[in-house]
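> Sharing a structure, written as structure tokens. Questions coming.
Just so it is clear, none of the values below were taken in a lab; they were calculated from the coordinates. Nothing here was measured: the structure is a model prediction, and the numbers come from that model. Please note: Cβ atoms are built from the backbone with ideal geometry, for glycine as well, and neighbour counts cover all protein chains shown.
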Amino acid sequence: MPEPHIRTARPADDEELAVLDRATWSTLHAVAPRPQPPYPPFFDERHRPDDFLVAEADGRLLGYIRLIHPTPLPAHAHVLAIQGFAVAVEARGRGVGRALIRAAVAEARRRGARRLTLRVLAHNTPARTLYTSEGFAVEGVLPEEFLIDGRYVDDVCMGRGL
């Protein structure tokens with residue numbers, strides 16, 4: 001697999017990202033129910049193309065990461081958050097996720113952020129390992145925050161300075 005190119009998403013990526021998002025849905029990371037038809041568009045007023053970086057190789061989208069301001073408060077403008085991250089199953093373990101995380105860090109710095117945060121389910125060991133290896137630290141735990149498949153799951157808040 002060639003090295004992925006990271007770029008900002010474009011409106012034309014909507015359908016391919018929607019398919020990728022549905023294909024990667026898992027209780028390992030999803031707190032919303034499995035998507036069912038009719039499927040909504042991937043992009044909407046809360047999920048704009050400019051919020052997403054995508055990894056592309058050989059004309060295919062292999063993953064995405066969403067970078068947003070978690071609140072509209074001016075006093076919080078120096079913080080960006082990762083709220084959405086997916087890598088195609090066939091591209092996992094090949095550095096695509098790491099490239100997207102690093103691109104998000106660089107983009108957050110470019111936008112003038114001082115901190116980058118995220119939330120991850122406690123049982124998502126692969127993601128937590130990746131985040132830790134890229135400089136994120138656990139900053140808090142919300143015990144039993146979600147009920148997934150009949151089990152209560154902690155929500156882990158992680159962050160890093162930029």
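> Which FRET efficiency, nearest 0.05, do Glu45 and Ala75 yield, Cβ-Cβ r, R0 30 Å? Before the final figure, lay out the partial values.
Values: r = 24 Å, r/R0 = 0.80.
Efficiency, rounded to the nearest 0.05: 0.80.
> Could you order the peptides 36-47, 98-109, 118-129 from most to least packed, using the average number of other C-beta atoms within 10 Å per residue? Walk me through the numbers on the way to the answer.
Working: 36-47: 10.7, 98-109: 18.6, 118-129: 17.1.
Peptide ranking by packing, descending: 98-109, 118-129, 36-47.
> Once you charge only the Cβ atoms, +1 for Lys and Arg and -1 for Asp and Glu, what is the size of the charge dipole of the range 1-114 about its Cα centre, to the nearest 20 debye? The partial results should precede the final answer.
Details: 16 positive and 14 negative charges, 112 e Å.
My answer is approximately 540 debye.
> Summing -39500 (n - 2.57) over the DSSP H runs of n ≥ 4 in the chain and dividing by its residue number, what mean residue ellipticity at 222 nm do you reach, to the nearest 500 deg cm²/dmol? Please report the intermediate quantities before stating the final value.
Details: 3 runs with 34 residues, N = 162.
Calculated from helices alone, the mean residue ellipticity at 222 nm is -6500 deg cm²/dmol.
> How high is the relative contact order of the range 32-162, in percent, counting Cα pairs under 8 Å that sit 6 or more residues apart? Could the numbers behind the result be given before it?
On the way: 198 pairs, mean separation 24.6, N = 131.
Relative contact order for the range 32-162 comes out at 19 percent.
> Highest first, please rank the peptides 16-23, 141-148, 78-85 by the mean number of other Cβ atoms sitting within 10 Å of their residues. List each step's numbers first, then the result.
Working: 16-23: 17.0, 141-148: 12.9, 78-85: 19.5.
Packing proxy ranking, top to bottom: 78-85, 16-23, 141-148.
> Of the labelled options (1) 15.4, 43; (2) 18.1, 62; (3) 15.7, 52, which one gives Rg and Dmax of the Cα atoms in Å as computed for this structure?
Comparing each candidate, only (1) matches the computed number.
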